[in-house]
Structures are given as C-alpha cells and as structure tokens.
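Here the structure comes first, spelled out in structure tokens, and everything after it is commentary.
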Amino acid sequence: MTDVLAPSVIRSMARGFSVFDLIKTAETMKASGQDASVELLYASWIQQNPDNPLLYAVLFNYSVVLSDLGKLQPARECLERAIAINADFMPPYINMGRLYERTGAIGMAVVQWSAVLSKLPQINGGGITYKTTALNQIARTLESTNEEESAEDMLRQSLEIDPRQREVAQHWLSLRQRQCKWPVVSPWDRVDQKTLMAGMSPLSAAAYTDDPMLHLAMAWNYNLLDVGTPPQAMDQWPLVEQKPARLKIGYLCSDFREHALGHLLAEVLALHDRSAVEVHAYYCGPQASETDPLHGGFKETADHWFDVSLMDDAAAAQRIAADGIHILVDLNGYTREGRTKVIASRPAPVIVNWLGYPGTMGSPYHHYIVADEWIIPADSEKYYSEQVVRVPCYQPTNRQRLVSDKVHTRADAGLPEDKVVYCCFNGSHKITRFTFDRWLTILGMVPDSVLWLLGSTEINDKRLIDHAAQRGISADRIIIAAKLPNPEHLARYPLADLFLDTTPYGAHTTASDALWMGVPVLTYSGRSFASRVCGSLLQAAGLPELVATTEDEFLDKAVELGRDRAAVQALRDRLKANRDSCTLFNPQILIAELEQHYRRMWQAHVDGTLPQPDLRNLDVYLDVGSSVKHEELEIQTLDDYEGWWREQLLKRHRFRPIPPDNRLFQG
C-alpha cells in the first residue's frame with residue numbers, strides 16, 4: 001500500500017500526539033504498509049518534543065523503523081542519542097550490537113552486548129531478559145566466527161540465569177554436537193537432563209540417538225511448543241479446483257539454491273509430467289546470489305515461482321492458498337530456515353513431508369511422509385505420525401553436479417600412497433562417541449590404514465585426534481581434509497578406498513556424492529529414518545552387501561574390505577558400470593511414482609479419507625525416553641528395542657497409569 005497522508009498532515013498530527021498516540025498510530029500505519037509515513041511521523045514528533053522525558057524510548061523505536069528501511073547510519077545515530085539520554089535503558093545497546101553485526105563490525109557488536117552485561121550486576125525483572133539477550137547475541141556472533149567454545153560458554157551462562165530458554169538449550173546442545181564434546185547432554189545443578197532433552201531440537205535428536213519412538217515424541221513436543229498454534233487454520237479452500245485436469249503441486253523450500261538439499265532437488269521440478277501436474281515453487285530462504293546456477297535453474301523450471309521469504313507466516317499461507325494448491329510439499333521440516341508456521345495454517349488441503357528433514361514431523365497437519373521400503377519398513381510405521389508412502393528410492397540425485405577437471409593426488413591431500421584410506425566427509429555433528437570408537441577399532445585391526453575426515457574447526461579436529469591417541473591410534477593416522485568448493489571436493493573423493501558412514505545420522509547427500517564418484521560406502525542401518533537413508537541409497541545403487549544391520553557386521557565388513565584391495569576395486573567397478581542404469585541415479589523413476597502417489601492423495605481428500613495423525617501418549621513417551629542416558633546405552637545395539645521400550649513404559653505405568661495406544665503400549 002502507498003502512503004496516503006500528505007507530509008504536512010503527518011507533521012501536524014505529530015505535534016499533538018502523546019507517546020502512546022504516536023506508537024499506536026505508527027503501528028497502524030506500518031500494518032498497512034505506509035513505511036515512509038511512519039518514518040516521517042517519528043521524525044516530526046522527535047523534532048517537536050526535544051524535552052519529553054520518554055524521548056529516549058521514542059528514539060529507540062525510530063531506530064527500529066530506520067533499520068527496517070535499511071538506513072543503518074541514521075538508526076545508529078538514534079540509538080547513540082537514546083543511550084546519551086538514558087544510559088541505563090538496555091534495548092539500544094542490544095540493537096546497536098545488531099547494527100554493528102550487520103555491517104561486519106563483529107568486535108564492536110560484542111562491545112555493545114558486553115556493556116549490557118557490565119551494567120546489569122543485579123539480576124531482577126527486566127534485567128534478566130536484557131542479560132540473557134546480550135549473552136545469546138554474543139554467543140551467536142562468536143559462533144559465526146568459529147569461536148564455538150566461547151559461544152558455548154555464553155549460552156551456558158544464559159541457561160544458568162534462565163534454564164527455561166528452549167531455544168538456547170537447543171543451540172547449546174547443537175554446538176556441543178558440532179564440537180564432538182561427549183557427553184553432549186551434560187547436565188549441571190541448574191539444568192537437569194530432562195530439561196536439556198526436552199529442549200533438544202528434532203534434528204539434533206536424529207544425530208543423538210537411534211530411538212525412533214523418542215524422535216516422534218520430541219518432534220511432537222517441538223511442534224507443540226516451538227511451532228505452536230496459528231491464530232487461524234484453514235479448513236476450507238474455495239480456490240482449489242476439485243476435479244482438476246492437472247494437480248497443482250506446491251513445493252515450499254528454503255534451499256532452492258546452492259545447498260546440499262538444492263543439489264538433491266536440482267532435477268526434480270523439471271522432471272514432472274506437465275500434463276499431470278503444475279509446479280509451484282515457494283522460496284523461503286536467504287537472498288540467493290544472482291550467479292547461483294541452482295537458484296536460477298529452479299526459477300526457470302518451476303511453472304510458477306514465488307519468493308515468500310520476506311512475507312510473514314500468515315501472508316505466505318494466504319499466498320499459497322490463493323494459488324489453489326492441491327498438495328503442498330514441505331521440503332524443509334524442522335531445519336534452519338523451514339517455515340513450519342506457514343504449514344501450520346494449512347494453506348492446502350493435503351500436506352506432505354519429504355526430503356529436507358529426515359524424520360517424522362509429529363504434527364497434526366502433515367498427512368503423508370515419503371520414504372521407501374528400506375527407510376520405513378512396515379513394522380516401523382508406528383514411529384511416524386504421517387501415513388507412509390513409498391517410492392523406489394526416497395532420495396533424488398543431481399546427475400548434472402559439477403565436478404572439477406583437476407586431477408587430485410594423494411600427495412596433494414596429505415594421504416599415504418600405500419595405505420588403505422577410510423574416509424568420512426559427514427559433518428562433525430554426526431560423529432558420536434560410539435561411531436568414532438568403532439572407526440578406531442577398525443583402524444586398530446587394519447594397521448596399514450588411515451582415516452580421512454572433513455575438517456571442522458582446528459580445536460575440534462584436535463579433540464578427535466586426541467581421543468584417538470587415548471585409544472592407541474597415533475595422530476598421523478587421522479588426516480584432516482581442508483574444505484574446498486564442492487566441484488573440487490567431489491573430484492578428490494576417488495582418493496579414498498572406502499567411505500565409513502556415521503550412525504545414527506548417516507550420510508545422505510554425501511553418500512550420493514561418494515557413490516557418484518565411484519567410492520563404495522559402508523553403512524550401519526539402525527531403526528530411525530536418518531540412520532537408514534544411506535542403506536536405501538546403497539540398495540538403489542546395487543550394493544546391498546554394504547548395508548550392515550549390526551555392529552559386528554559393520555566392523556567385520558570394514559576390516560574385511562580394508563584387508564582386500566581387490567574386493568574394494570570390484571565394488572568400484574560395479575558402481576562405475578551401473579551408474580547410468582541403477583535406480584539411485586534415475587530420478588525420473590522416483591518422480592513418476594511420486595506423481596501417482598499425489599493422485600492417490602488427492603483422491604483420498606475428495607473421498608474424505610485423508611489420514612489423520614495419531615498423537616496420543618506422546619507426552620508419556622517423551623518423559624520416559626528423556627530419562628534414559630543415551631550416551632551410556634547405545635539404543636541401536638539393542639536386540640529387542642520394542643521389548644526394552646515396553647519395559648520402561650510398564651515401570652511408569654505402575655505408579656502413573658498410561659492409557660493404551662496403537663504404538664508400544666497396549667495396556
């Protein structure tokens with residue numbers, strides 16, 4: 001909306017306004033899109049009221065308006081004036097730090113937030129909020145400069161003050177996972193284990209333990225508390241055509257760009273049968289580079305492209321609903337830039353969870369989850385709130401991925417020419433103590449071998465090397481790969497003999513990359529979604545014998561291949577021979593099957609038979625599962641997982657009765 005009042009009228013209005021009138025009028029104008037009028041209103045009032053006792057607060061509000069308009073220098077000047085008038089008013093220090101951060105002056109940002117800490121020795125009332133906000137901002141900034149230990153310390157201090165900060169607990173645990181600080185869940189007197197476990201994000205939980213029942217409960221809890229209930233949810237979609245010639249499929253994603261998920265999706269939009277579906281792409285990620293070929297490719301191959309990243313949740317949901325979308329596919333789930341609050345408004349009659357988040361959403365509005373026979377076997381459906389639909393291989397791949405022409409040598413990478421090179425290029429957050437100790441056992445049994453890992457921070461790399469030394473594996477056998485642009489990184493894959501997977505969060509995109517480059521991958525599939533994806537990829541690539549389902553099988557196979565170069569070469573030859581014909585690298589098979597599922601989903605809606613998520617007893621499963629010390633007991637190695645869970649539930653039932661459900665407790 002354009003600004004409707006003349007500047008002279010706005011100046012006249014400002015003259016007679018109290019601070020309350022000023023703020024309410026500014027809010028009304030902003031809600032209707034009259035940004036220039038809001039700016040003028042504040043500027044006029046400030047000029048006309050230089051002695052008002054609340055001028056410092058008005059200057060703060062004006063700085064927010066200017067900052068939103070991108071006028072950072074005037075915004076900073078307003079904040080400086082506010083601080084000069086009232087040095088004990090904390091919000092300007094917080095926002096000044098944010099402005100410095102936006103302009104790249106990280107050191108000055110930390111100075112501003114540190115000023116808040118120094119000015120608040122007494123913790124009471126609003127001081128708690130200011131102090132925790134300052135600590136959290138410092139932590140976020142330190143993390144952005146790879147000072148992870150210092151960031152972790154800031155977050156711990158923040159939790160000391162207020163242990164109820166779920167987002168801070170999530171971030172603290174995530175940082176410890178990335179640093180391979182074991183145990184990750186490390187309670188102390190102010191914050192107990194259940195508080196930390198209840199605060200863990202679903203994505204972190206996938207890398208923490210192979211416990212799909214707990215994963216469902218944690219996803220449900222996250223949805224309830226962190227996503228919440230929208231002001232309004234749609235139950236009528238008047239613009240949706242009931243008997244369409246083509247289904248309108250909406251894909252909501254923050255990663256239609258240079259990103260691991262973007263690479264997996266690279267061919268998906270283009271492969272759809274345009275006689276059957278009309279593709280709407282909704283982009284909700286950060287501003288992409290104009291030279292990003294993936295981003296440009298998605299814009300070209302979608303029938304309709306919409307950038308909803310700057311829209312609020314309600315507006316984005318209305319945009320999707322206005323397009324008459326039949327089926328909305330959530331390609332993010334509980335990942336960083338996901339817009340689950342948009343999904344919560346139910347902007348389409350049918351909602352599907354696929355690809356970006358490896359697990360159940362535990363929500364009341366996701367009807368289906370896309371998987372395959374390996375990832376979710378029939379007897380594991382109880383661990384998912386959605387109805388499972390299966391395709392030949394759940395994960396698409398990018399056959400046009402760029403690979404550098406540069407020929408890498410082992411000498412270039414600091415690798416020995418004559419030894420077996422085991423590698424793992426998964427992120428450090430996926431490396432648990434159980435996984436790393438298994439790798440060290442393999443190195444111990446294959447003396448002529450090294451382990452090649454993707455570099456993290458220098459401190460974290462040293463932590464892993466020191467842990468290996470404590471287990472008798474010398475530092476020269478853990479070799480760190482420097483990070484390279486993706487085309488060069490792909491080109492060096494063939495220097496490795498065998499990729500050793502992590503668990504319970506295994507290789508997904510990295511497994512696809514390794515197999516594309518002809519490097520065999522050995523995985524240890526558990527029971528949870530994230531732990532079984534790599535097994536699915538290997539079977540689709542024609543290498544089912546590399547899917548272990550027990551710890552002993554994984555260790556034995558890794559050692560056997562480490563001692564048999566000819567067997568490894570035979571696997572590489574098979575990969576090369578089958579690359580152009582195997583299911584994994586033929587995404588058109590997946591898309592054709594997916595379109596058939598879309599038609600069945602829509603028919604279920606028309607017939608009134610859409611599946612409804614069963615969320616009973618998940619509070620109980622969360623409470624019971626959060627009490628277990630998962631870093632002392634590796635759940636993945638249990639022979640009778642369901643029996644173990646029933647035993648835990650029966651203990652609870654004896655003193656607090658549990659109603660029966662359709663999962664693990666029948667009473």
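A few points about this structure:
- Considered as a group, the residues in region 37-54 that are assigned to a helix (DSSP H, G or I) and open to solvent by 60 Å² or more (accessible area, probe 1.4 Å) include one that is nearest to Pro91 (Cα to Cα), and that residue is Gln47.
- Selection from region 378-405 of residues that are without any contact (Cβ under 8 Å) to a residue 60 or more places away in the chain, open to solvent by 30 Å² or more (accessible area, probe 1.4 Å) and among the aliphatic types (A, V, I, L, M): Ala378
- Hits in region 605-623 (condition: surrounded by fewer than 21 Cβ atoms within 10 Å (Cβ to Cβ), closer than 12 Å to Leu214 by Cβ and not acidic (Asp, Glu)): Val620
- Region 160-203 - residue that is more than 23 Å from Arg433 (Cβ to Cβ) and assigned to a helix (DSSP H, G or I) and, of those, least open to solvent (accessible area, probe 1.4 Å): Val168
- Filter result for Thr583 (touching a Cys at 6+ places or on another chain (Cβ under 9 Å), under 24 Å from Tyr505 (Cα atoms) and either surrounded by fewer than 23 Cβ atoms within 10 Å (Cβ to Cβ) or aromatic (Phe, Trp, Tyr) (or both)): yes
- Evaluating Ser363 against the criteria (1) closer than 17 Å to Thr229 by Cβ; (2) part of a helix (DSSP H, G or I) leaves one unmet condition, (2).
- Note on region 55-74: residues that are loosely packed, with under 15 Cβ neighbours inside 10 Å, out of contact with any Asp or Glu (no Cβ under 8 Å at 6 or more places or on another chain) and not small (Gly, Ala, Ser) total 1.
- The set of residues in region 537-548 that are in a helix (DSSP H, G or I) and open to solvent by 10 Å² or more (accessible area, probe 1.4 Å) comprises Gln539, Ala540, Pro544, Glu545.
- Selection from region 332-347 of residues that are touching an Asp or Glu at 6+ places or on another chain (Cβ under 8 Å) and charged (D, E, K, R): Glu337, Arg339, Lys341, Arg346
For every residue, the table says whether it meets (1) among the β-branched types (Val, Ile, Thr); (2) touching a residue at least 40 places away in the same chain (Cβ under 8 Å); (3) within 25 Å of Arg463 (Cβ to Cβ).
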| position | (1), (2), (3) |
| --- | --- |
| Ser174 | no, yes, yes |
| Met200 | no, no, yes |
| Asp210 | no, yes, yes |
| Val227 | yes, yes, no |
| Pro231 | no, yes, no |
| Asp235 | no, yes, no |
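- Just one of (1) open to solvent by 10 Å² or more (accessible area, probe 1.4 Å); (2) part of a loop (DSSP other than H, G, I, E, B); (3) under 29 Å from Phe529 (Cβ atoms) fails for His408. It is (3).
- Any hit, region 9-32, residues being of a type outside the set (Phe, Trp, Tyr), part of a loop (DSSP other than H, G, I, E, B) and either open to solvent by less than 20 Å² (accessible area, probe 1.4 Å) or under 25 Å from Ala315 (Cβ atoms) (or both): yes
The values are calculated or read from the model by the stated rules, or taken from the named source; none is laboratory data. Since the structure is predicted, the reported quantities are computational estimates derived from the model, not experimental observations. Positions of Cβ are generated from backbone atoms using ideal geometry, with glycine treated the same way; all protein chains shown enter the neighbour counts. Remember, those area values only see protein heavy atoms, side chains included, never the ligands or the DNA or RNA. Shrake-Rupley method; radii C 1.70, N 1.55, O 1.52, S 1.80 Å.
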